[in-house]
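Quick notes on the structure that follows.
Read-outs throughout are calculated quantities, based only on the coordinates presented, and are distinct from any laboratory measurement. None of the values given here were measured: they were computed from a predicted structure.
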Amino acid sequence: MIPLLKVPMSDRAPAAVAEVVGSGFVGQGPLVEEFEAALAAKLANPRVVTVNSGTSGLHLALHLLAGDDDGPDGPGEVLTTPLTMEATNWAILANRLRIRWVDIDPATLNVDLDDLARKITPRTRAVMVVHFAGYPVDLDRLQTILDEAEARVGVRPMVIEDAAHAWRATYRGQPIGGTHGNITVFSFQAVKHLTCGDGGLMVLPSDQLHQRASLLRWFGIRRGADRLRNPPDVPEWGFKFHLTDINAAIGLANLEYAEGVVARHRENAAFYDAALADVPGLELTERAADRESSFWIYPMKVEDREGFIKRMDAAGIMVSNVHERNDLHTCVREYRSALPGLDRIADRIVCVPVGWWVTDEQREFIADTIASGW
Ligand SMILES: *Cc1c(COP(=O)(O)O)cnc(C)c1O
């Protein structure tokens, strides 16, 4: 079987981990600092805070903005996408906030920004978007929508970008996580482009949020203080969400390696874009000239998905929709709403192997198999 997802691990990682494990110090230490400095340089943004997973980053991001806060109009609401890993949305529930689903744009598989604009109210505490598959949301248009909302209803909710798929993706020449004025959260989980084994990164839009995030990821306690002679006060309680030096060592070993990983995902995607453009019963997603996807996965929309999966399975090609729509789960039934855009495509989405492990021969075989019909 040609796999759909794989762990991209550099040859240098095992020795780097062995060194930390044998060093006598395995917690959050100098390697976390070194990793953060390297990540800040990659994104050209100094306001980065590593955490132990993307999920923790999303949880803390919402906590910074609105955690457990009942406003004058009742519990706050977060506008969010139903087409994502459940981690995105369970972070909202974990903060005791309410979900308000935004419809999906069938062209991009990202949130439908027109629908989002309509749903902003004084109860909106935050807007959660996912750069699905690594294809950036139209961030400038989103800012315009927020400008208009501010003028209309007097609120300007913070945007949280779930960039778990989008390491090294760019929008209008800037990396996602560069300087777009939002909170951006990356995942360094096992099968993401850049892996720490498990880990995550928050990018914050102000010094104040940056400082709070870096304190609240570890109980709210200032690290490095002289605890005995000058015990640090904890003005605000926090979580145990910090990254360890073990995971930072893996991340550091993979940081440059991930550049090649992303490049190969893009090469394979460009090959499919050309090879699959005119296949009957198949529709590719949007490619706008002002942004570059990182193609963590390669989603397409196919007629007769059952038949497609059977055909690929028989050929030894692993395919999947990767993420199930979240809005139909029982635990969020109270938030169900009409999502006609998502309804139109949910049963047609399927992803084919696009990653660094897919060879020239394999991608040709995959494209030929698809083109031969199902
Ligand atoms: C992987 C993923 C997450 C969660 O990241 P973890 O690091 O596994 O906690 C969140 N959102 C999306 C879209 C993901 O793909």
- Task: Take the alpha carbon atoms of region 199-241, find their center, do the same for region 1-61, and report the distance between the two centers in whole angstrom.
- Result: 18
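Which shape class applies to region 234-374: rounded if a/c is under 1.5, otherwise prolate when a/b exceeds b/c and oblate if not, where a ≥ b ≥ c are the square roots of the Cα gyration tensor eigenvalues? Provide the component values of the computation, followed by the final result.
Values: a/c = 2.18, a/b = 1.26, b/c = 1.74.
It comes out oblate by the Cα gyration axes.
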- Query: Within the chain, what percent of beta bridges assigned by DSSP are antiparallel, to the nearest 5?
  - Reply: 60
- Note on the structure: For region 238-253, Karplus-derived ³J(HN,Hα) couplings (6.51, -1.76, 1.60; θ = phi - 60°; whole Hz; x for glycine and proline) come out as x, 10, 10, 10, 6, 7, 9, 5, 4, 6, 5, 4, 5, x, 5, 5
- Residue-averaged 222 nm ellipticity for the chain, from DSSP H runs of 4+ at -39500 (n - 2.57), nearest 500: -11000 deg cm²/dmol
- For the chain, what is the convex hull volume of its Cα atoms per residue in Å³? 142
- Query: Cα centroid distance between region 252-300 and region 72-107, in Å?
  - Reply: 27
- Selected from Leu64, Leu146, Leu243 as most flexible by GNM, with the chain as the system and alpha-carbon contacts under 10 Å: Leu64
- Message: Taking the Cα centroid of region 154-176 and of region 304-365, what is the distance between the two, rounded to the nearest whole Å?
- Response: 24
- XL table Lys119/Lys301; Lys240/Lys301; Lys119/Lys192; Lys119/Lys240; Lys42/Lys301; Lys119/Lys310; Cα-Cα > 29 Å flagged, in table order, is Lys240/Lys301; Lys119/Lys192; Lys119/Lys240; Lys42/Lys301; Lys119/Lys310
- Query: Under 12 Å from the Cα of Lys6, which aspartates and glutamates turn up, not counting those fewer than eight places away in the same chain?
  - Reply: none
